[in-house]
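One structure below.
The values are calculated or read from the model by the stated rules, or taken from the named source; none is laboratory data. Keep in mind the model is a prediction, meaning the values are calculated, not measured. Counting neighbours? That spans all protein chains shown, and the Cβs are built from the backbone with ideal geometry, glycine included.
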Amino acid sequence: MIQIRGLCKEYNCCTTKALTNISFDVQQGQFVVLLGPSGAGKSTLLRCINGLVKATDGEIFIQGDRINDSRKLKDIHRRVGMVFQQFNLVKRLTVLENVLCGRLAYVSAWTSCLKLFSKQDVNIALHCLNRVGLVHKAYDRADQLSGGQQQRVGIARALAQCPSIILADEPVASLDPKSAEKVLTVLRTIKEQDHITVIVSLHNIELANHYAERIIGIKNGRMIVDKPVSAFTDDDVEIIYNAMPDIVETKFIREEAVCTHV
Ligand SMILES: Nc1ncnc2c1ncn2[C@@H]1O[C@H](COP(=O)(O)OP(=O)(O)OP(=O)(O)O)[C@@H](O)[C@H]1O
């Protein structure tokens, strides 16, 4: 379970408010899609959850552990796998070596420097590649794969970490529609089979409706929609992408008032 409480993030000495007072919980095994216009704060939110970005205020708990608890930092990072829009693979390494990078949190520093992974680590990496349908590419160079295949290697690398959460920041933004569906289907299958929590930021509403169980809408750093996909409507799309900021603000304040009176 992820718990986020009063999360705020400001950049540039407080001149850019990227996130303002974000609070929500995500149950283990849920598939959540973050929607929002460019600059809304989706990447910042995902990066705060995996500790890449330090929040200005507020708290995040992963299975009850505060993410910046220095005693548990390595263990918490291990539990959160990250998938990036640009894949972030090491192009000159093989596909298998890239996936083995997901095992780095489990091996000692000298082992990783010498690339001395155990047979067990190699088997885990091959198993993860098999799950994303790419075990036959294990010994190819990463840059010889198509974009969609590279993204599936990125997912295998996250999976090799044995995470309880996978965060994916616009994982299909640079892919053709068929590859995008393949990548999201892999993420959904992983969620279903392993009960892993998946949080994905997307720009495509159709894909969000098809894959999400829950949609969170962010605009100007505020959470303005949070609904099960079955209740998500065109009005919500309008609020997230088109409504003027003051209309959104009014609706947000009105809903907050209703919540506090329930
Ligand atoms: N490292 C940074 N330094 C300064 N400002 C930043 C930084 N990262 C993001 N921002 C600003 O924070 C705000 C939120 O950006 P963020 O990248 O989180 O939005 P986003 O919803 O992910 O956008 P996109 O969909 O375009 O990726 C924007 O105003 C952006 O310019």
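Taking the stretch 174-212 as the range and being within 16 Å of the ligand (Cβ to nearest atom), over 23 Å from residue 232 (Cα atoms) and of a type in the set (S, T, N, Q) as the test, only 174 passes.
Regarding residue 43, is this residue within 12 Å of the ligand (Cβ to nearest atom) and in contact with an Asp or Glu (Cβ under 7 Å, 6 or more places away or on another chain)? When the stated conditions are applied, residue 43 passes them.
Pairing each residue of the stretch 120-139 that is on the phi > 0 side of the Ramachandran plot with any residue that is surrounded by fewer than 17 Cβ atoms within 10 Å (Cβ to Cβ), provided the two are 6+ apart or on different chains, yields no C-beta distance under 6 Å. Among the residues here, residue 22 qualifies as in contact with a helix residue (DSSP H, G or I) (Cβ under 9 Å, 6 or more places away or on another chain) and within 15 Å of the ligand (Cβ to nearest atom). Within the option set 159, 207, 167, 202, being buried (at least 17 other Cβ atoms within 10 Å of the Cβ) and touching a Cys at 6+ places or on another chain (Cβ under 6 Å) holds for one residue only, 159. Taken as a whole, the structure places residue 58 among residues that are within 16 Å of the ligand (Cβ to nearest atom), in contact with a helix residue (DSSP H, G or I) (Cβ under 9 Å, 6 or more places away or on another chain) and modelled with pLDDT of 95 or more. All of (1) more than 9 Å from the ligand (Cβ to nearest atom); (2) of a type in the set (Val, Ile, Thr); (3) in contact with a Ser or Thr (Cβ under 7 Å, 6 or more places away or on another chain) hold for residue 76 with one exception: (3).
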